[in-house]
2 protein chains.
Amino acid sequence: MQKLTVFFVSDHTGVTAEAVGHSLLSQFRGLEYRAQTVPFIDTPAKAVALTERVRAAMPALVISTLTDQAIRAKLRDCEAPLFDVFDAFSAPLATMLGMAPTASSGQIHGMSNSYHARIDAVNFALAVDDGLNPERLGEADLILVGVSRAGKTPVSLYLALQYGKKAANYPLTPEDLGVATLPPVLLAHREKLRGLTLSAERLSQIRNERLPNSRYASLENCRSELQAAEGMMAASGIAVIDSTRRSVEEIAAMIVHTV
Amino acid sequence: MQKLTVFFVSDHTGVTAEAVGHSLLSQFRGLEYRAQTVPFIDTPAKAVALTERVRAAMPALVISTLTDQAIRAKLRDCEAPLFDVFDAFSAPLATMLGMAPTASSGQIHGMSNSYHARIDAVNFALAVDDGLNPERLGEADLILVGVSRAGKTPVSLYLALQYGKKAANYPLTPEDLGVATLPPVLLAHREKLRGLTLSAERLSQIRNERLPNSRYASLENCRSELQAAEGMMAASGIAVIDSTRRSVEEIAAMIVHTV
């Protein structure tokens, strides 16, 4: 039998359809499939054109997030099984709420906060990346603190892009770590501080990719920097997240929702 | 009646549950609700604790992406209506595929590409942001081109974080625009070039936020820069996206899937 093709279809970017689809299919261990993401199917005509592509790719399966019933109806002609989030939930939700859904007012977004806030937050994260412009820390919603290469920059950018949070990041340098307390410029904003740490082994590995066989990357030095940084953060009572086995998006979700 | 509380519940970051939930609910115009995102519900005990929170918040509604059936079963005791993506689709998918789902092997991720590739891509985007280190353009998957403030930086960072694409960005400066063709350093990588443009009105507005009442921000100057840039990009036959009414994630999805 030919390999299954799975179409992730959306009237917007396809990010949510992909996430839902990959996740659903990952429950079936050993299933092999070719994934095709098809975003911006936002008119019945585009859905009709897509049915041809699906038919040509049989055996196929469609997982979709199409807000408009008329567009879903057109796509249903593709003959492949179609699993749509709106098909599944709109009717029971309408019954439960006692309200009628309006066509095409819904839109699936991978990102939830207001658009300009997110762009401003990206610009802010770049302006204050890596301890730059510390006089602007007062504008921050959050300040990520940790040793060099603890993962602060990607987390601050993701916080900006996904959540519209203005996240500064401030590296604890060897000079900072030679003192018993966090730098005064940070202590002035203690309630905004969130610490990032990781295992010395992982940190050494990451630093070795940048500066192989350096003192900076040595396991011994990583251990001593981390110990000093963790001691300092604990003494100031700031929440610390271990990034060793967590992805950027997991760390960001923890920061936003749980710490 | 008290305002409805909607819980977006996930065993991972909650980004997909939020996206699905907000999108489903936006179909019901005029519905008011208080949203509560609850990520990392990855054990039955956490689900049991959550049922208490839901009961205390009645009237409530739960929209969830919980891969593990045992965790969903616990959460169902909360008495509020529960709409779960796996509840809805796992059984029909299993029937269609002729395979049994395995518990908790699925995970909903907001981001699909391999983790290290994404972090490398973020570091790359920062290293080559705004025309820095042009000798590294050969490493890029894509090079975004456009006038200053056309939206290149946020798009390149989103391409990195969401898709693991190494996206450089290169600003067309007034000096570049004084010549009839794209700079040679870009033409050497023509197949990787993607143009960004926008309306002169919108560009002038964005630039005025940065440098109010400057020549740089004036409508006349924006118009002339955009005209030169668009002419240059058209002459080189590169795909150009108009960002005026598109979000960063829409532009990124277009670049990845359609242009």
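The values are calculated or read from the model by the stated rules, or taken from the named source; none is laboratory data. Here the structure is a predicted model, which is why all the values come from computation and not from measurement. All Cβ positions, glycine included, derive from the backbone under ideal geometry; neighbour counts span all protein chains shown.
Of note:
- Tally of residues being loosely packed, with under 14 Cβ neighbours inside 10 Å, more than 7 Å from chain B (Cβ to nearest Cβ) and at pLDDT below 75 across the range A:97-121: 2
- Per the conditions (1) among the acidic types (D, E); (2) closer than 25 Å to A:S114 by Cβ; (3) free of Cβ contacts under 8 Å to residues at least 60 places away in the same chain, the sole criterion not satisfied by B:E191 is (2).
- For the range A:84-93, taking the residues that are within 23 Å of A:F7 (Cα to Cα) and more than 8 Å from every other protein chain (Cβ to nearest Cβ), the one that is surrounded by the fewest Cβ atoms within 10 Å (Cβ to Cβ) is identified as A:D87.
- Scanning the range A:49-72 for residues that are of a type in the set (A, V, I, L, M, F, W, C), more than 23 Å from the chain's Cα centre (by Cα) and surrounded by 15 or more Cβ atoms within 10 Å (Cβ to Cβ) returns A:L50, A:V54, A:A57, A:A60, A:L61, A:V62, A:I71.
- In the range A:122-137, residue surrounded by the most Cβ atoms within 10 Å (Cβ to Cβ) [restricted to those that are within 14 Å of another protein chain (Cβ to nearest Cβ) and touching a strand residue (DSSP E or B) at 6+ places or on another chain (Cβ under 8 Å)]: A:A125
- For A:M232, the conditions (1) buried (at least 19 other Cβ atoms within 10 Å of the Cβ); (2) within 23 Å of the chain's Cα centre (by Cα) all hold with the exception of (2).
Each row is one residue, and each column tells you yes or no for (1) within 8 Å of chain B (Cβ to nearest Cβ); (2) of a type outside the set (A, V, I, L, M); (3) in contact with a strand residue (DSSP E or B) (Cβ under 6 Å, 6 or more places away or on another chain).
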residue: A:Q36; (1), (2), (3): no, yes, yes
residue: A:I41; (1), (2), (3): no, no, yes
residue: A:R55; (1), (2), (3): no, yes, no
residue: A:L61; (1), (2), (3): yes, no, yes
residue: A:K74; (1), (2), (3): no, yes, no
residue: A:L82; (1), (2), (3): no, no, yes
residue: A:T95; (1), (2), (3): no, yes, no
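- Checked against the criterion of being without any contact (Cβ under 8 Å) to a residue 60 or more places away in the chain and within 18 Å of A:A125 (Cβ to Cβ), the candidates A:L159, A:L182, A:L186 yield just one match: A:L186.
- Failed criterion for A:K3 (all others in (1) farther than 21 Å from B:Y158 by Cα; (2) in contact with a strand residue (DSSP E or B) (Cβ under 8 Å, 6 or more places away or on another chain); (3) at the interface with chain B (Cβ under 7 Å from one of its Cβ atoms) hold): (3)
- When we screen A:T37, A:T51, A:T43 for residues that are within 22 Å of A:E249 (Cα to Cα) and not small (G, A, S), the only hit is A:T37.
- All positions within the range B:202-259 that are among the charged types (D, E, K, R), under 17 Å from B:V145 (Cβ atoms) and in contact (Cβ under 8 Å) with a residue 24 or more places away in the chain: B:E225, B:E230, B:D242
- Candidate set from the range A:17-42 (those that are modelled with pLDDT of 95 or more and among the polar types (S, T, N, Q)); member that is nearest to B:S23 (Cα to Cα): A:T37
- Test: A:A140 is buried (at least 19 other Cβ atoms within 10 Å of the Cβ) and either closer than 19 Å to B:Y158 by Cα or within 11 Å of chain B (Cβ to nearest Cβ) (or both): no
- Within the range B:156-165, if we keep just the residues that are crowded, with 24+ Cβ neighbours inside 10 Å and over 9 Å from the mean Cα position of the chain (by Cα), the residue that is farthest from the other protein chains (Cβ to nearest Cβ) turns out to be B:S156.
- Any chance A:I251 is touching a helix residue (DSSP H, G or I) at 6+ places or on another chain (Cβ under 8 Å), more than 21 Å from A:E135 (Cα to Cα) and within 14 Å of another protein chain (Cβ to nearest Cβ): yes
- Top-ranked residue in the range A:14-44 [being more than 20 Å from A:D87 (Cβ to Cβ) and hydrophobic (A, V, I, L, M, F, W, C); ranked as surrounded by the most Cβ atoms within 10 Å (Cβ to Cβ)]: A:F28
- Residues of the range A:225-259 that are of a type in the set (G, A, S) and part of a helix (DSSP H, G or I): A:A228, A:A229, A:G231, A:A234, A:A235, A:A252, A:A253.
- Qualifying residue in the range B:190-197 (condition: buried (at least 21 other Cβ atoms within 10 Å of the Cβ) and basic (K, R)): yes
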